[in-house]
Amino acid sequence: MERTDVLIIGGGLAGASVAWWLQPHASTLVLDQGEQIGLEASAQNAGMLRRFARDRVERALAIRSGELLVDLPGTWSAADPYRRTGGVIGLECGTTDFDEAISDLRGAGVTVEALGFEDYERVAPALSGAALQQAWYLPEEGLLDAHALVQGFWSGARARGSRLLCGTQVDSLEVVAGRVVGVRTTRGPIRADLVVLAAGAWGAGLAKSVGLERPLVPLRRHLLQTSVDLRATRSHPYCWIDDVGIYARPEAGGWLVSPCDETQDFPGVGPGSRGGVEPLYRALAEAKLGWHFPALADVHFSGGWTGLRTFSPDRRPWLGPDPELAGLWWAAGLGGFGVTCSFAAGEVVASRIIGRDVPYLDANDALPLPGVGMRVPEVTGIAV
């Protein structure tokens with residue numbers, strides 16, 4: 001029978017990061033249902049380093065991850081996953097209060113510059129003509145290669161002794177005397193002192209296998225690729241109009257665009273959560289792009305996909321022990337900040353497992369809440 005100190009279910013960004021940070025403090029075994037790690041939500045995101053977060057917990061995780069991404073640790077031996085392009089966050093209505101976020105970022109040494117209408121053509125031509133009430137330029141933001149990030153975490157963990165089993169379906173957790181002692185899988189039972197659920201959209205189902213109601217909700221979002229556009233240079237910053245929900249960033253000579261839609265969608269059994277483009281949301285993206293990015297009104301969509309982003313009820317990640325079941329830990333609910341916060345998310349879980357403090361989070365931050373009285377995360381809908 002397989003046995004390990006820590007069993008990590010899910011080999012995406014969260015699970016691979018936990019394994020990277022835990023080595024060499026504990027023996028770890030990573031299970032992934034796919035034939036390769038990092039093929040689900042980790043491969044479906046837009047790959048942007050966005051530290052300009054509303055929530056203070058996500059912001060703390062993003063700031064810590066950004067420090068490590070911009071200046072990779074000496075133990076990092078894989079390809080650099082980060083490319084600096086800058087990022088612009090804008091508001092059309094100007095009603096969102098970002099003062100605390102700006103103060104925290106500047107306090108952490110992150111450059112945040114206020115932009116005026118006359119600056120758009122110089123800094124981000126894609127925003128030319130946009131009717132923004134407020135905009136900020138963060139020159140140290142950039143794009144992240146999620147595949148390189150996952151592979152970097154895993155290569156480092158493997159070099160220090162972590163093991164990986166792909167193509168392994170976890171059927172249920174196994175509980176003895178009120179404590180998780182392992183899992184039952186398609187390869188047979190596996191014993192562990194601790195089990196970390198980093199299974200993204202499948203996490204709530206695995207918790208339910210032992211009677212735990214943990215409403216982690218997967219929300220599907222569209223990403224659409226445009227045709228070639230000469231303004232989409234490799235150095236063009238990503239542009240995110242936060243209050244209306246649309247962003248565009250350079251990709252493959254064109255733009256990768258999302259209308260920031262959200263549709264609740266639970267995956268089936270087994271891998272394969274990537275979805276196709278629905279005409280309604282393609283039309284929504286076209287309308288939003290033409291209205292909010294007038295400079296890009298002439299570009300056309302050439303393809304795209306949908307991916308899952310999994311949230312907790314308060315949209316804060318769960319990075320720690322389950323409050324009701326001993327031996328069960330979570331690295332889940334990272335939602336739209338999975339790639340941005342992956343370095344810190346793994347560090348928080350690993351640090352809490354081995355009993356180390358995390359200086360940038362309070363002791364009760366990013367911990368799962370009890371199941372009683374929890375509500376389903378609010379869905380933002382498809383408003384233009």
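What follows draws every value from the coordinates through simple rules; no lab data is involved. Since the structure is predicted, the reported quantities are computational estimates derived from the model, not experimental observations. With ideal geometry, Cβ positions are generated from the backbone for all residues, glycine too; neighbour counts draw on all protein chains shown.
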Would you mind pulling out the separation of the Cα centroids of the stretch 336-355 and the stretch 155-200, in Å? 18 Å
From the backbone phi of the stretch 241-250, what are the Karplus-calculated ³J(HN,Hα) couplings (6.51 cos²θ - 1.76 cosθ + 1.60, θ = phi - 60°) in whole Hz, Gly and Pro given as x? 8, 5, 6, 9, x, 7, 9, 9, 9, x
Which angle from 0 to 90°, rounded to the nearest 10, does the C-alpha axis of helix 279-292 make with the longest principal axis of the chain? 50 degrees
Ranked from fewest to most other Cβ atoms within 10 Å of their own Cβ, Phe117, Phe52 fall in the order Phe117, Phe52
Calculated FRET value between Arg187 and Ala283, using beta carbons and R₀ = 45 Å, to 0.05: 0.50
Between Asp362 and His25, what's the calculated FRET efficiency when r is the beta-carbon distance and R0 is 25 Å? Round to 0.05. 0.65
Stretched out fully, how many nm does the piece from Ala252 to Arg3 gain, at 0.36 nm a residue minus the Cα gap? 85.2 nm
Separation between the Asp314 and Ala114 pseudo-spin-labels, each 7 Å from Cα along Cα→Cβ, expressed in nm? 3.2 nm
Expressed as an acute angle from 0 to 90° and rounded to the nearest 10, what is the orientation of the C-alpha long axis of helix 338-354 relative to the principal long axis of the chain? 30 degrees
Counting only DSSP beta bridges with both partners in the stretch 2-354, the antiparallel fraction in percent, to the nearest 5, comes to 70 percent
Give the separation of the Cα centroids, the stretch 27-104 to the stretch 107-154, in Å. 13 Å
Note, Leu39: beta-carbon cut-off 15 Å, +1 each Lys/Arg, -1 each Asp/Glu, net -3
How much length, in nm to one decimal, is gained on full extension between Cys93 and Ala131, taken as 0.36 nm per residue of separation minus their Cα-Cα distance? 12.8 nm
MRE, 222 nm, helices only [DSSP H, n ≥ 4, -39500 (n - 2.57), over the chain, to nearest 500]: -7000 deg cm²/dmol
So, counting K/R as plus one and D/E as minus one, what does the shell of residues with Cβ under 9 Å around Leu334 add up to? 0
Quick check on the exposure proxy: order Cys239, Cys341, Cys260 from fewest to most C-beta atoms within 10 angstrom. Cys260, Cys239, Cys341
Where labels lie 7 Å past Cα in the beta-carbon direction, separation of Arg122 and Asp145 in nm: 3.3 nm
Which ordering of Trp76, Trp305 is given by a fewest-first count of other beta-carbon atoms within 10 Å? Trp305, Trp76
Where a label projected 7 Å from the Cα of His300 along Cα→Cβ would reach, residues of the stretch 219-263 with amide N under 16 Å: 225-230, 254-255
So for R0 = 35 Å, FRET eff. of Thr233-Arg106 from the Cβ-Cβ r, to 0.05, ends up at 0.80
